[in-house]
There are 2 protein chains.
Amino acid sequence: MADQLQPPLTRIQQKNRDRILKGALSVFSTSGFRGATIDQIAEAAGLSKPNVLYYFASKDDIHKSLLTTLLDMWLAPMIRINPEGEPLEEVMAYVRAKLEMSRRFPRESRLFAYEILQGAPHLTEILGGGLRDIVDRAATILQGWMDQGRLSPVDPHHLIFSIWALTQHYADFDVQVRAVLGPGHDPFVEAGPFLDNLYRTMLHV
Amino acid sequence: MADQLQPPLTRIQQKNRDRILKGALSVFSTSGFRGATIDQIAEAAGLSKPNVLYYFASKDDIHKSLLTTLLDMWLAPMIRINPEGEPLEEVMAYVRAKLEMSRRFPRESRLFAYEILQGAPHLTEILGGGLRDIVDRAATILQGWMDQGRLSPVDPHHLIFSIWALTQHYADFDVQVRAVLGPGHDPFVEAGPFLDNLYRTMLHV
DNA sequence: CGTGATCCTGACCATTTGGTCAACAAAGGA
DNA sequence: TCCTTTGTTGACCAAATGGTCAGGATCACG
């Protein structure tokens, strides 16, 4: 389990690995793992297929690398919940951060959605491990606030699920949302006040 | 656009088409369209691959058939919203029906999730057509109730999105929800009161 | 029964796709 | 400059996969 002493990446390695991951994010997030081909990734990255496989051992390797790299970014807002802060504002800040991430990084959201739908074959250990710890920490903080009467009491885990569901929905189901709303709408802009109102009314003591 | 006069299905056709669709639902909902193979579907249906292709022209055909067949069932609860009913109870009944569908038909939920994630290649005309009409009708009813002061005013479209997101999340992200909650939890059972409380507090005048 | 329609399958095909490899090109340090 | 390391690719392979087809089995019905 000790970290391998990796030789530092060369300039070219840095650049090309980056291009591959960027291209792969684009392809995986639109077609899913099975639907994506190394050829597509190579083209999106502007490299030849064998060259892609020079930097990553396999398609699986690219996918796993993407997921683990992005997971940190994805969970960051939850870690930033501050137990010393004002309860309602902390929750609202998390909701806003999560919605903003869905707006700015919809491909990342879809990448995770595909992975979870599939049964999370590449994330099983993380799901029951690190993720659960992070969520439990947040749930404990929320529960504490509720016990102090500073937040309306609800199940903290399901509160967190609701935030995930409501914010990621706008990224993952983007086409459906836009098809139903029709042109002239910005789903993310409209969702802001809606979610704000929803969580304020539900959690206000 | 006129309906073709189809010869009635024989007993065997009825049975085998049914088995294929059942098997395909299972396979598509766990692997997505591209991840599913006709061989897997055939095995799940207990038929040989050529026999599957005797009943359906192509893999695409099976998939499209599944989606259109299931879409009606999926939208049924929304159509049942009754403008003459008691507003809050109508909404709560819809929420409960949708959660119950996620619980009983998680595979159907995931099938749609995959399709939307993919950009809904097989549902584009339905999304902007029939679905939009159904949603708009429901949104109009909700808006009417809000205008009458019988429901707290919120954006009706986003209210509907929120119900979809919150209920389908438990089916689509099942592994994640269970991994976070740990053993000894029934997410669907816990979600019931949570959603009940959420919508009552948000919509109660 | 008989016979036409329906049903079923082993064998096969073309294409796609993940991945390999030998050989060649470019960097880069001494 | 030379030579080792690093980077790149065309050609290739084996497996998987969507789909076809000729022919055989079974069914329904007069």
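Looking only at the stretch B:8-29, residues that are within 22 Å of residue B:114 (Cα to Cα) and open to solvent by less than 70 Å² (accessible area, probe 1.4 Å) come to 9 in all. Within the stretch B:154-163, does at least one residue satisfy the condition of being open to solvent by 20 Å² or more (accessible area, probe 1.4 Å) and either part of a loop (DSSP other than H, G, I, E, B) or at the interface with chain A (Cβ under 7 Å from one of its Cβ atoms) (or both)? So far as the stretch B:154-163 goes, yes, one or more of its residues are open to solvent by 20 Å² or more (accessible area, probe 1.4 Å) and either part of a loop (DSSP other than H, G, I, E, B) or at the interface with chain A (Cβ under 7 Å from one of its Cβ atoms) (or both).
Among residues of the stretch A:164-205 being within 24 Å of residue B:126 (Cα to Cα) and of a type in the set (Asp, Glu), the one that is farthest from the other protein chains (Cβ to nearest Cβ) is A:186. Scanning the stretch A:51-63 for residues that are under 14 Å from residue A:28 (Cα atoms) and surrounded by 17 or more Cβ atoms within 10 Å (Cβ to Cβ) yields A:59, A:62, A:63. Look at the stretch A:24-35: where a residue is on the phi > 0 side of the Ramachandran plot and a partner is of a type in the set (D, E, K, R) and within 11 Å of DNA strand C (Cβ to nearest atom), sitting 6+ places away or on another chain with Cβ atoms under 8 Å, you get A:32/B:34.
Suppose we filter B:134, B:41, B:62 for residues that are over 28 Å from residue B:14 (Cα atoms) and part of a helix (DSSP H, G or I); which single one remains?
Details: B:41 fails: over 28 Å from residue B:14 (Cα atoms); B:62 fails: over 28 Å from residue B:14 (Cα atoms).
Matching residue, one of B:134, B:41, B:62: B:134.
Among the residues of the stretch A:80-90, are any at pLDDT 95 or above, crowded, with 18+ Cβ neighbours inside 10 Å, more than 21 Å from the chain's Cα centre (by Cα) and not small (Gly, Ala, Ser)? Yes, because at least one residue in the stretch A:80-90 is at pLDDT 95 or above, crowded, with 18+ Cβ neighbours inside 10 Å, more than 21 Å from the chain's Cα centre (by Cα) and not small (Gly, Ala, Ser). Summed over the stretch B:116-156, residues that are without any contact (Cβ under 8 Å) to a residue 60 or more places away in the chain and among the basic types (Lys, Arg) total 2. Taking the conditions exactly as written (within 16 Å of DNA strand C (Cβ to nearest atom) and open to solvent by less than 20 Å² (accessible area, probe 1.4 Å)), does residue A:94 satisfy them or not? It is false that residue A:94 is within 16 Å of DNA strand C (Cβ to nearest atom) and open to solvent by less than 20 Å² (accessible area, probe 1.4 Å). Checked against (1) over 19 Å from residue A:192 (Cβ atoms); (2) crowded, with 20+ Cβ neighbours inside 10 Å, residue A:102 passes all but a single condition, namely (1).
May I ask you to verify whether residue A:187 is at pLDDT 95 or above and closer than 26 Å to residue B:192 by Cα?
On the way: at pLDDT 95 or above: yes; closer than 26 Å to residue B:192 by Cα: no.
Judged against the criteria, residue A:187 is not a match.
Could you check, for the stretch B:106-117, whether at least one of its residues is open to solvent by 30 Å² or more (accessible area, probe 1.4 Å), at pLDDT 95 or above and more than 8 Å from chain A (Cβ to nearest Cβ)? So far as the stretch B:106-117 goes, yes, one or more of its residues are open to solvent by 30 Å² or more (accessible area, probe 1.4 Å), at pLDDT 95 or above and more than 8 Å from chain A (Cβ to nearest Cβ).
The values are calculated or read from the model by the stated rules, or taken from the named source; none is laboratory data. All values derive from a computational prediction rather than experimental measurement. All Cβ positions, glycine included, derive from the backbone under ideal geometry; neighbour counts span all protein chains shown. The protein model used for the area step is the full one, side chains on, heavy atoms only, and it has no ligands, DNA or RNA in it. Shrake-Rupley method; radii C 1.70, N 1.55, O 1.52, S 1.80 Å.
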